[in-house]
1. Do you know which residues across the range 124-150 are surrounded by fewer than 22 Cβ atoms within 10 Å (Cβ to Cβ), in contact with a Leu (Cβ under 6 Å, 6 or more places away or on another chain) and at pLDDT 95 or above?
2. Only one of these conditions is not met by ILE114: (1) farther than 23 Å from ALA137 by Cα; (2) free of Cβ contacts under 8 Å to residues at least 60 places away in the same chain; (3) not aromatic (Phe, Trp, Tyr). Which number is it?
3. With the structure loaded, tell me whether PRO190 is open to solvent by 10 Å² or more (accessible area, probe 1.4 Å) and either among the β-branched types (Val, Ile, Thr) or in a loop (DSSP other than H, G, I, E, B) (or both) or whether it fails that test.
4. With the condition kept exactly as written, say whether any residue in the range 75-94 is of a type in the set (A, V, I, L, M) and over 22 Å from GLU186 (Cα atoms).
5. Pick out the one residue from PRO176, PRO158, PRO119, PRO181 that is assigned to a loop (DSSP other than H, G, I, E, B) and surrounded by 16 or more Cβ atoms within 10 Å (Cβ to Cβ).
6. Anything in the range 69-102 that is of a type in the set (S, T, N, Q) and open to solvent by less than 10 Å² (accessible area, probe 1.4 Å)? List them, or say none.
7. Report whether or not ASP104 is at pLDDT below 95, within 18 Å of the chain's Cα centre (by Cα) and not hydrophobic (A, V, I, L, M, F, W, C).
8. Among what's in the range 40-59 and is in contact (Cβ under 8 Å) with a residue 24 or more places away in the chain and open to solvent by 60 Å² or more (accessible area, probe 1.4 Å), pick the residue that is nearest to the chain's Cα centre (by Cα).
Amino acid sequence: MATPWFEDEIAAALAPLLPGLSVEVVAEIDSTSSELMRRARDGRSSPVLLVAERQTAGRGRMGRLWQSAQDRDEPASLTFSLGLPLLPRDWSGLSLAVGVSVADSLDPSKAGGIALKWPNDLWVEDRKLGGILIETALPQNGTAERYLVIGIGLNIGPREAAGLSTAPAWIRQWRPRVTAPELLREIVVPLVDDVLLFGERGFVPFAERFAARDILRGREVQLSDGTVGRCEGVGWGGELLVQTASGMKTITSAEVSVRPAQ
Ligand code: BTN
């Protein structure tokens, strides 16, 4: 493995936040999220950050594939999963809070134009930069906590648009020399901080941060059932608010896909 990933530095920074966390970097795996879900089902529920330089069966939401961009010498995507036990009062809005955290780390001044598309995409100029996959498993230790697996995939280098429902964006379009390990180092400590904040206080502390990057707010959107309406932003629980001809619709289901109307 050629790329140094700053594992020791990241592990030391995360240790006070998540005692017992291990940081693992692998050259290749089917999917970092599949691996952490397998471990959780086997009763392994300690905190882990698992990073892969290449995934052979990366997964997106709703059964879609997540394909990484490939460069000859180094990863042109950042693909990792964070697994930890968590017991928030309410899980609603977690993927939005994760998106807020990653966008704020990558683009703190908002000059880079990173926006969030409900419920879990990072977009730049109406192109998809990255995605978030949230999954949970019931640990076998009898506690009420669930084992949470947050999978994050970001395009760093160019990738083909062929086969994608949305044209891609990539980070080297505005940071030409940035590498996957550098981006991981920027993202991961604030991410753990924000996930723990979510665990204590839910989506409320993230609502305004999300609103500041909400790409759908004020736009005509089309729901996957064909309904068209105007997006009025998200509520305090992370639900999408859409004004339609038959009144305000509150969308909570992750199975609903929403597109800006063309
Ligand atoms: C989406 O856009 O639908 C979510 C994409 C999530 C991709 C990441 S890459 C790391 C982790 N492992 C996976 O198989 N998927 C997530």
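The values are calculated or read from the model by the stated rules, or taken from the named source; none is laboratory data. Bear in mind the structure is a predicted one, so any value in this text is a computation, not a measurement. Please note: Cβ atoms are built from the backbone with ideal geometry, for glycine as well, and neighbour counts cover all protein chains shown. Surface accessibility is based on the protein's heavy atoms, side chains included, excluding ligands, DNA and RNA. Shrake-Rupley method; radii C 1.70, N 1.55, O 1.52, S 1.80 Å.
1. ILE134, THR136
2. Only one criterion in (1) farther than 23 Å from ALA137 by Cα; (2) free of Cβ contacts under 8 Å to residues at least 60 places away in the same chain; (3) not aromatic (Phe, Trp, Tyr) is unmet by ILE114, namely (2).
3. Numbers: open to solvent by 10 Å² or more (accessible area, probe 1.4 Å): yes; either among the β-branched types (Val, Ile, Thr) or in a loop (DSSP other than H, G, I, E, B) (or both): no.
No, not satisfied.
4. Yes, there is a match, as at least one residue in the range 75-94 is of a type in the set (A, V, I, L, M) and over 22 Å from GLU186 (Cα atoms).
5. PRO119 is the lone residue from the list that is assigned to a loop (DSSP other than H, G, I, E, B) and surrounded by 16 or more Cβ atoms within 10 Å (Cβ to Cβ).
6. SER77, THR79, SER81, SER101
7. No; evaluated as a whole, the condition is false for this residue.
8. ARG59
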